[in-house]
Amino acid sequence: MREPNYPLALALAQAGWSNSETARRINRRAEQAGQHGVAVDRSRVSRWIRRGEKPRQPVPELLAALLTEHLGQPYTPRLLGIAPVHSVCISMGEIEHQALLSKAAAANLPVEDYARALLRSALSGGLHR
């Protein structure tokens, strides 16, 4: 389970929108924009907030635009914690995998978090060739 999405919860509270109202506004905006495949309900909005789930496109952009208009300040999917997440799949041998698990355990981190930190470090120039 992911962490709750506090930035989204705060923005919706500032707007005074319930989960049902948020869903209704998103669905209406999507329909107005000709995006008929969008069908958000209150339970989906709740999962975005409580479980940190990410809505599929075009919902992040629609919601950011709605909040920007309603609250009069700029919001983006990233600021709201609902920007799409990009994932990478890496194949590795058993020895590499065990080494990764061992290093993550030594760092007291879940293996996914440890691997993410390694990748970020490499991309920022923190690791040398």
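The values are calculated or read from the model by the stated rules, or taken from the named source; none is laboratory data. Remember, it's a predicted structure, so these values are computed and weren't measured experimentally. Cβ sites come from the backbone with ideal geometry, for glycine too, and all protein chains shown count toward neighbours.
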**OP:** Scan region 62-74 and report the pairs whose first residue is free of Cβ contacts under 8 Å to residues at least 24 places away in the same chain and under 16 Å from residue 45 (Cα atoms) and whose second residue is among the hydroxyl-bearing types (Ser, Thr, Tyr) and buried (at least 18 other Cβ atoms within 10 Å of the Cβ), with Cβ atoms within less than 7 Å and a gap of 6+ or a chain change.
**Re:** 64/75
Subject >> Among residues of region 79-129, those that are loosely packed, with under 10 Cβ neighbours inside 10 Å and either closer than 30 Å to residue 68 by Cα or among the aromatic types (Phe, Trp, Tyr) (or both), counted >> reply: 3
Subject >> Close pairs (9 angstrom Cβ cut-off, 6 or more residues apart or separate chains): on the phi > 0 side of the Ramachandran plot and at pLDDT below 95 in region 15-26, among the β-branched types (Val, Ile, Thr) and in a helix (DSSP H, G or I) anywhere >> reply: none
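For region 94-109, which residues satisfy the criterion of being part of a loop (DSSP other than H, G, I, E, B) and modelled with pLDDT of 90 or more?
Within region 94-109, 107, 108 meet the criteria.
To keep it simple, each residue is scored yes or no on (1) modelled with pLDDT of 95 or more; (2) among the β-branched types (Val, Ile, Thr).
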site	(1), (2)
63	yes, no
92	no, no
111	no, yes
116	no, no
Subject >> Residue check, residue 42 surrounded by 11 or more Cβ atoms within 10 Å (Cβ to Cβ), under 20 Å from the mean Cα position of the chain (by Cα), modelled with pLDDT under 95 and within 20 Å of residue 2 (Cβ to Cβ) >> reply: no
